[in-house]
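Please treat every number below as a calculation from the coordinates, not as lab data. Everything quoted here is computed from the prediction, not taken from an experiment. All Cβ positions, even for glycine, are placed from backbone atoms using ideal geometry, and neighbour counts span all protein chains on display.
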Amino acid sequence: MGLHPTFSGNPGQKWQWTAKIDGFDVAYFEQVTFPTKELDEDVFNPAGSVRGTKFAGRATISDITIKKGKKADGADLAGYAWLVTACNTAAGELGDPSTYKRDIDIVRTNRVGTPIETYACKGAWIKKVELDDGDGSSSEHQIETLTIAIDDFEIV
């Protein structure tokens, strides 16, 4: 019984991150900048007190940046099409968040495609797409960078 990767490539492949939308693999990536969650600090200073009481304030969730990717087999320009649903510059229209915000999973896999951890991202939308520079000597990377804004995430 041999090793059977769950994605295109071989057991020594370098695509260790998979972007999944609605359970389908969309692209594979080499690098991911993880989202962070940060809470503001609020201080309540009641009258007559000599010190304030600190408590958690609003949460800030950072963007996810995924780099050096290739589209999954059968995937088209889904990332760019998703970007256009948020802002169609040709038509001069902003999209409706109920149509462009999606839940996505960023899945870390080992060298043979077994999932290690999943970042389940809620209310995600593509903020920036950078394609390759059109270098004809290599077809390795088709997507240089995707920047994805998210409302929230959890590690599952």
Task: Under 10 Å, Cβ to Cβ, from residue 151 - net charge with Lys/Arg +1 and Asp/Glu -1 - done: 0
Task: Residues of type lysines that residue 68 reaches as a straight line, Cα spacing below 21 Å, ignoring anything fewer than 8 places off in the same chain - done: 14, 20, 127, 128
Open item on the list: A 26 angstrom limit on the alpha carbon distance is what I want to check against. Which of 54/122; 67/122; 37/70 exceed it?
Closed with: 54/122; 37/70
